[in-house]
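Structure, as structure tokens:
The values are calculated or read from the model by the stated rules, or taken from the named source; none is laboratory data. Fair warning: this is a prediction, and the values are worked out from it, not measured in the lab. Please note: Cβ atoms are built from the backbone with ideal geometry, for glycine as well, and neighbour counts cover all protein chains shown. All accessible areas refer to the heavy atoms of the entire protein, side chains included, with ligands and DNA or RNA removed. Shrake-Rupley method; radii C 1.70, N 1.55, O 1.52, S 1.80 Å.
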Amino acid sequence: MATATVAVGTMKAAQIAKPGAGFQIVEREIPTPGAGQVRIKVHACGVCHSDVLVVEGGWPGVQYPRIPGHEVVGIIDEVGTGVSAWKKGQRVGVGWQGGQDNTCLQCRRGDFANCRNVKVTGVNYDGGYQQYMVAPVEALAAVPESLSDAEAAPLLCAGITTFNALRHGGAMPPDLVAVQGIGGLGHLGVQFANKSGYKVAAIGRGAENAALAKKLGAHVYIDSQATKPAEELQKLGGAKVILATAPSSKAMSELIDGLGPNGKLMVIGAGPDAIEVTPIQLIVGSKSIQGWWSGIPTDSEDTLHFCELTGVRPMIETYPLEKAAEAYERMLSGKAQFRVVLTM
Ligand SMILES: [Zn+2]
Ligand SMILES: [Zn+2]
């Protein structure tokens, strides 16, 4: 619910005027949905590390001022012309993939996630750090009633990315799956891997994370400060999939020898440095490294349904929209347990 008082026809938004300028709480006109769009009364929006691409700049072609936010949950309160499949009052979410052009070769092949002109929510158009946002119908995912707004929000980016990478990694239950990093992505990855029926090895830094990792569903905890994780994984037979969530390319490089035959390193944590690997490391045992880009709205719906069925939930800290700057700093600090969510 909105806590701020605003004039009729206007709303509060947390915008970035230009890269590096930080968050400003501004009053804006409530936007009107165009053809093929809906307006969403936003209830919650997750704060994701990728928001840095707007806050500090770095994503090509972003126009400012820009309102970030790509883990959005709310209620459709207006529909534009030509919208028939979505109704006012329907509960929806919008994630990282904010739309496709429907005309490029990848779209014609039905591979919308790899659209050549993909639109990213809160990057190419205004996202969820506001009381109302407009989104194209291609970006909408239906959100089940059993999930709360604040719990559903991080599932639209952190959730879908870990879930989708894991289910496309090639492991079959009860194969050994390792999750590197017990953070915003990893704490979900461990839960998804457990509920998918894999044997789960969680790799974290320090003994203090063991209890939490096991509570989340890890069968084995590997302390990367006390042991060599690749050796520990080999003692268990080698991992079929290693879900690399922590943005440390060095740590990822050191994990490759922990893969078993036909094993795959699924990369979703984005660090700036190179992952180092020799050809022979990949050739012996036919191993591979693959990156994974979140997914499309139906993948979000699958993620939400999986969570509904299995009880997987993100651990969250909530802040009101007016404290967007504080929430963002908390996310950047790496100390949040584990996803920060703005509520409206
Ligand atoms: Zn994200
Ligand atoms: Zn396309």
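A171 is checked against (1) of a type in the set (G, A, S); (2) within 17 Å of the chain's Cα centre (by Cα); (3) away from ligand 1 (no atom under 16 Å from the Cβ); (4) open to solvent by less than 20 Å² (accessible area, probe 1.4 Å) and fails just one. What number does that condition carry?
(2)
When the residues of segment 248-272 are narrowed to those that are modelled with pLDDT under 95 and not polar (S, T, N, Q), which ends up surrounded by the most Cβ atoms within 10 Å (Cβ to Cβ)?
So the residue we want is G269.
Would you check which residues across segment 109-127 are away from ligand 1 (no atom under 11 Å from the Cβ) and in a loop (DSSP other than H, G, I, E, B) and list them?
Scanning segment 109-127 gives R109, G110, D111, C115, R116, N117, V118, N124, D126.
When I296 is evaluated against the numbered criteria (1) open to solvent by less than 30 Å² (accessible area, probe 1.4 Å); (2) hydrophobic (A, V, I, L, M, F, W, C); (3) in contact (Cβ under 8 Å) with a residue 40 or more places away in the chain; (4) within 16 Å of ligand 1 (Cβ to nearest atom), which criterion, by number, is the only one it fails?
Every listed condition holds for I296 apart from (1).
Please work out which one of (1) out of contact with any Leu (no Cβ under 9 Å at 6 or more places or on another chain); (2) over 27 Å from H70 (Cα atoms) is the condition K287 fails and give its number.
Failed condition: (1).
Return the only residue of Y129, Y125, Y221 being surrounded by fewer than 24 Cβ atoms within 10 Å (Cβ to Cβ) and closer than 30 Å to A35 by Cα.
Y125
When segment 273-284 is examined, which residues are found to be assigned to a loop (DSSP other than H, G, I, E, B) and surrounded by 14 or more Cβ atoms within 10 Å (Cβ to Cβ)?
I275, V277
Assigned to a loop (DSSP other than H, G, I, E, B) and under 19 Å from C48 (Cα atoms), is that true of G183?
Judged against the criteria, G183 is a match.
Please specify each residue of segment 80-106 satisfying the condition of being within 16 Å of ligand 2 (Cβ to nearest atom), assigned to a loop (DSSP other than H, G, I, E, B) and either farther than 20 Å from S294 by Cβ or not hydrophobic (A, V, I, L, M, F, W, C) (or both).
Listed by number, the residues that qualify are Q100, D101, N102, T103.
When the residues of segment 107-120 are narrowed to those that are buried (at least 19 other Cβ atoms within 10 Å of the Cβ) and in contact (Cβ under 8 Å) with a residue 24 or more places away in the chain, which ends up nearest to ligand 2 (Cβ to nearest atom)?
Going through the qualifying residues, I end up with F112.
Using beta carbons and a limit of 9 Å, which pairs, at least six apart or on different chains, have the first residue in segment 89-103 and without any contact (Cβ under 8 Å) to a residue 12 or more places away in the chain and the second one outside any strand (DSSP E or B) and aliphatic (A, V, I, L, M)?
Correct list of pairs: empty, since none qualify.
Restricting to segment 320-344, what's the tally of residues that are open to solvent by 40 Å² or more (accessible area, probe 1.4 Å) and among the hydroxyl-bearing types (S, T, Y)?
Of the residues in segment 320-344, 2 are open to solvent by 40 Å² or more (accessible area, probe 1.4 Å) and among the hydroxyl-bearing types (S, T, Y).
Quick check on G61: is it more than 20 Å from Y132 (Cα to Cα), away from ligand 1 (no atom under 16 Å from the Cβ) and assigned to a loop (DSSP other than H, G, I, E, B)?
yes
If you scan segment 67-79, which residues turn out to be open to solvent by 10 Å² or more (accessible area, probe 1.4 Å) and either among the hydrophobic types (A, V, I, L, M, F, W, C) or part of a loop (DSSP other than H, G, I, E, B) (or both)?
Once the filter is applied, which keeps residues that are open to solvent by 10 Å² or more (accessible area, probe 1.4 Å) and either among the hydrophobic types (A, V, I, L, M, F, W, C) or part of a loop (DSSP other than H, G, I, E, B) (or both), segment 67-79 yields I75, V79.
Any residue that is within 19 Å of the chain's Cα centre (by Cα), away from ligand 1 (no atom under 16 Å from the Cβ), assigned to a strand (DSSP E or B) and within 18 Å of D302 (Cα to Cα) - is there at least one of those in segment 146-159?
No, segment 146-159 contains no residue that is within 19 Å of the chain's Cα centre (by Cα), away from ligand 1 (no atom under 16 Å from the Cβ), assigned to a strand (DSSP E or B) and within 18 Å of D302 (Cα to Cα).
Please tell me if W96 is open to solvent by 10 Å² or more (accessible area, probe 1.4 Å) and either within 16 Å of ligand 1 (Cβ to nearest atom) or at pLDDT below 95 (or both).
Criteria met by W96.
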